[in-house]
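This report refers to the structure that appears directly beneath it.
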Amino acid sequence: MKTGYKERRIAATVVYHVFTFLLACVMIYPLVWMVMSSFKNSNEIFRTAAKLLPDKFSLENYRIGWQGFAGYRFGTFFKNSFIIAGLSTVGAVVSSAIVGYGFARIDFKFKNFWFACMLLAMMLPFQIIMIPQYIIFNKMGWVGSYLPIIVPQFFGQGFFIFLNVQFIKGIPIDLDEAARMDGCTIYSIFIRIILPLVKPSLVTSAIFSFMWRWDDFMTALLFLSDPLKYPVSYALKMFSDPTAGSDWGAMFAMATFSLIPIFIIFLTMQKYLVEGIASTGIKG
């Protein structure tokens with residue numbers, strides 16, 4: 001009886017791992033295909049699309065792609081992406097931590113109502129608010145600059161606020177009471193007690209914020225018109241020209257290159273990401 005149960009359990013484990021491996025292969029294949037195609041000749045990419053590996057590895061697409069277009073080298077677009085993603089991440093992490101602390105530790109009128117409003121705002125798709133946002137920012141004279149992309153991040157982001165609230169609520173309130181008895185104010189409690197303890201939540205917010213802003217295509221499409229200010233996510237589109245011809249090789253090469261910062265961040269910060277999500281209870 002025990003032997004049969006053990007065999008069924010081993011068989012179920014094998015089926016689970018085989019199914020997971022096959023599903024992972026299906027999910028990662030488009031990415032691997034793009035990376036391998038970036039080493040092919042542009043004329044060869046779709047002619048030999050069924051073949052994953054190129055006949056001959058070439059870095060020519062990376063050389064052509066890095067030259068950019070219209071006199072703008074692709075390094076300019078990487079610099080723009082770092083500016084947008086870096087400043088937006090700083091603003092989102094700092095403001096969300098402050099707002100999250102307020103919701104978690106400070107009592108004020110209609111606190112639950114405002115928290116519910118924040119949750120509702122978090123669920124709104126960007127496509128619903130982008131037209132009102134464009135009208136407002138256009139009247140303010142911000143369209144054409146980085147301001148409509150970066151400044152809203154300094155007013156708190158719903159998901160990060162929720163993340164910080166959940167994390168701060170897990171910190172014993174006794175620490176706040178002890179700090180007050182030692183003469184700490186509400187601000188010094190936040191800076192000296194709460195911030196060091198919510199480090200996993202802050203790092204998780206920073207990782208997600210940087211990734212979302214780095215990959216953001218829609219806001220750049222909506223608010224930027226000068227090619228000199230384009231981020232990588234939008235500049236990649238310029239390799240595609242339906243009226244003439246698309247340089248798929250250069251596009252795939254620069255798309256592959258644009259993944260490097262995200263991979264580095266994920267690999268170096270993975271433990272903080274897992275710890276932050278697990279500690280706040282936001283898991284499946």
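The values are calculated or read from the model by the stated rules, or taken from the named source; none is laboratory data. Just so it is clear, the structure is predicted and the values come from calculations on it, not from any experiment. Ideal geometry is used to build each Cβ from the backbone, glycine not excepted, and the neighbour counts take in all protein chains shown. Just so you know, the surface numbers come from the protein's heavy atoms only, side chains and all, with ligands and any DNA or RNA stripped out. Shrake-Rupley method; radii C 1.70, N 1.55, O 1.52, S 1.80 Å.
Observations
- Of all residues making up the stretch 29-43, the number that are part of a loop (DSSP other than H, G, I, E, B) and in contact with a Pro (Cβ under 7 Å, 6 or more places away or on another chain): 2
- Here is the figure for the stretch 43-54: residues that are open to solvent by 40 Å² or more (accessible area, probe 1.4 Å) and touching a residue at least 12 places away in the same chain (Cβ under 8 Å) total 3.
- Test: residue in the stretch 210-217 that is at pLDDT below 90, within 16 Å of residue 95 (Cα to Cα), buried (at least 21 other Cβ atoms within 10 Å of the Cβ) and under 20 Å from the mean Cα position of the chain (by Cα): no
- Tally, over the stretch 48-74, of residues that are basic (Lys, Arg) and farther than 15 Å from residue 251 by Cα: 2
- Exactly one residue out of 254, 238 is surrounded by 21 or more Cβ atoms within 10 Å (Cβ to Cβ), within 20 Å of residue 38 (Cα to Cα), touching a residue at least 60 places away in the same chain (Cβ under 8 Å) and not polar (S, T, N, Q), and it is 254.
- The condition (being under 30 Å from residue 171 (Cα atoms), over 18 Å from the mean Cα position of the chain (by Cα) and β-branched (Val, Ile, Thr)) is satisfied by just one residue among 94, 99, 90: 99.
- Condition met for residue 77 (open to solvent by less than 100 Å² (accessible area, probe 1.4 Å), in a loop (DSSP other than H, G, I, E, B) and either in contact (Cβ under 8 Å) with a residue 60 or more places away in the chain or closer than 16 Å to residue 250 by Cα (or both)): no
- Criterion violated by residue 277 - all others in (1) of a type in the set (Val, Ile, Thr); (2) modelled with pLDDT under 80; (3) surrounded by fewer than 16 Cβ atoms within 10 Å (Cβ to Cβ); (4) part of a helix (DSSP H, G or I) satisfied: (3)
Table: residues versus (1) in contact (Cβ under 8 Å) with a residue 40 or more places away in the chain; (2) basic (Lys, Arg); (3) surrounded by 16 or more Cβ atoms within 10 Å (Cβ to Cβ).
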{"position": "128", "(1), (2), (3)": "no, no, no"}
{"position": "145", "(1), (2), (3)": "yes, no, no"}
{"position": "157", "(1), (2), (3)": "yes, no, yes"}
{"position": "188", "(1), (2), (3)": "no, no, no"}
{"position": "196", "(1), (2), (3)": "no, no, no"}
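- Within the option set 122, 181, being open to solvent by 40 Å² or more (accessible area, probe 1.4 Å) and in contact with a Phe, Trp or Tyr (Cβ under 7 Å, 6 or more places away or on another chain) holds for one residue only, 122.
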